[in-house]
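The block underneath contains the structure these notes are about, expressed in C-alpha cells.
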C-alpha cells in the first residue's frame with residue numbers, strides 16, 4: 001500500500017568454538033580468537049527455537065556473524081530482559097556489500113524494535129537499535145537479515161550492551177497536522193521536494209466539487225483509527241500550524257510506485273516531528289473499478305493512518321485487515337482496516353508478529369489513562 005523511506009544472517013560456526021561455548025566457557029566482551037572478535041553465528045540459527053545463545057558478561061558482548069546468501073537468517077538469544085532495561089544493539093558490516101536489518105523480538109515472537117539504516121537518509125546502512133524495553137519480562141531475541149531484494153551478503157560485527165532497569169519512559173501524545181494547502185518546495189526529509197497544489201478531490205478521480213466533504217471524511221477516518229490513543233489530529237483548514245512538536249502529512253503530487261511515503265520508520269516515535277506525503281494523483285485508476293466516494297475516502301484515510309503508523313514505529317505486516325498490511329493489493333484499502341496483531345511482512349523479517357495496538361499504547365498511551 002505504501003512505504004517508509006527506509007536483515008537476518010546465517011553463517012557457519014567452527015566445531016571448536018561451539019564446543020567451547022557449550023562447555024560453559026563464555027567469551028568475555030572483547031575476547032578474541034587469533035586476534036579476532038569471536039564468531040558466534042551457528043549454522044541453523046534461523047528460528048527462535050534454534051537461536052544462538054549469547055554468553056554476555058556484565059551484560060555486554062561483541063561478536064561476529066555472516067550473511068552467506070540473500071536469504072540467510074540469524075537469530076540470537078539475548079537472555080532475559082524486563083521492562084525498563086535499556087538495550088543497545090550496534091550492527092556493523094565488516095565485509096561484502098551487506099545491507100543488514102536488525103529486529104528485536106520478545107518471547108512471544110512479537111516485534112519490539114526494527115532498524116534498517118542507522119541514518120534515515122541511507123547514508124549509513126548499518127543498523128542501530130537503542131531502546132528501553134516496554135514489553136513483558138522474558139527472553140528476548142535479536143534477528144539479523146539482509147534487506148530483501150538487495151542481494152547483499154557479507155560479514156558483520158555486533159555490539160550488545162544492556163543497562164538494567166533505567167525505567168520505562170512515559171507514553172507521549174502525538175500531534176499530527178494535515179496540510180491541505182500545498183505549496184512550493186515542500187520538503188519531506190529522505191523523500192524529496194515537491195510543488196503541491198491545494199488538495200482537490202478531483203485529483204483522486206471523479207469527485208470534483210466534493211473537496212470539503214472528502215477532506216472531512218478522510219480526517220474522520222484517521223481519527224477513528226487512532227481513537228483509543230492519545231493522538232491529536234489538526235488540519236490547515238481549521239487550525240494554525242502547531243507550535244508544539246508535531247508531524248505533518250502533506251497531500252498532493254503523483255507517484256507511480258506508492259500511494260504515500262513516510263520520512264522513516266521511527267521506533268518508539270523517537271522523533272515526533274517527522275513527516276509523510278500522500279500522493280493524491282496515485283489513486284486515480286488504481287482500483288479494479290471506480291470506488292464510491294466512501295470507498296475513496298476510506299482508501300486515503302487508511303493510507304494516511306498507515307503512514308502515521310510508520311512515523312510512530314510500526315512496520316509492514318501481511319494481513320489484509322491490518323492497517324500496516326503491504327501485501328494484499330490496492331483494493332484492500334477500500335474497506336475497513338485496523339491496528340491489530342498480524343504476521344510480519346517478509347520484507348521486514350521472515351518470522352514473527354507485530355501487535356500494532358500494543359506498540360501504539362506504549363508510545364502514545366490510551367485515552368483517559
Legend entry - Helix-only CD estimate at 222 nm, as mean residue ellipticity for the chain, using -39500 (n - 2.57) per DSSP H run (n ≥ 4): -4500 deg cm²/dmol
Inset, instruction - Just need the relative contact order of segment 149-219 here, percent rounded to a whole number, with Cα pairs under 8 Å and 6+ apart. - result: 16 percent
Inset, instruction - Could you work out the relative contact order of segment 174-364, using alpha carbon pairs under 8 angstrom and six or more residues apart, expressed as a whole percent? - result: 21 percent
Inset, instruction - Order the peptides 299-309, 203-213 from the highest to the lowest mean number of other Cβ atoms within 10 Å of their residues. - result: 299-309, 203-213
Inset, instruction - Express as a percent, rounded to the nearest 5, the fraction of DSSP beta bridges in the chain (both residues included) that run antiparallel. - result: 70 percent
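Hey, can you rank 219-232, 337-350 by average C-beta count inside 10 Å, highest first?
Values: 219-232: 17.7, 337-350: 19.9.
Output ranking for 219-232, 337-350: 337-350, 219-232.
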Legend entry - the chain: Cα Rg divided by the 2.2 N^0.38 Å rule of thumb: 1.05
Inset, instruction - Averaging sequence separations of C-alpha pairs under 8 Å and six or more residues apart, then dividing by the length of segment 99-175, give the relative contact order as a whole percent. - result: 32 percent
Legend entry - Separation of alpha-carbon centers, segment 199-232 and segment 135-189, rounded to whole Å: 28 Å
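Where does each of 161-168, 275-282 land if you order them by average Cβ count within 10 Å, highest first?
Details: 161-168: 13.5, 275-282: 23.8.
With the highest mean Cβ count within 10 Å placed first, the list reads 275-282, 161-168.
Values in this text are rule-based calculations from the coordinates and carry no lab data. On a predicted model such as this, the values are computed, not experimentally measured, just so you know. Don't worry about glycine lacking a Cβ; one is built from the backbone with ideal geometry, like all the others, and counts go over all protein chains shown.
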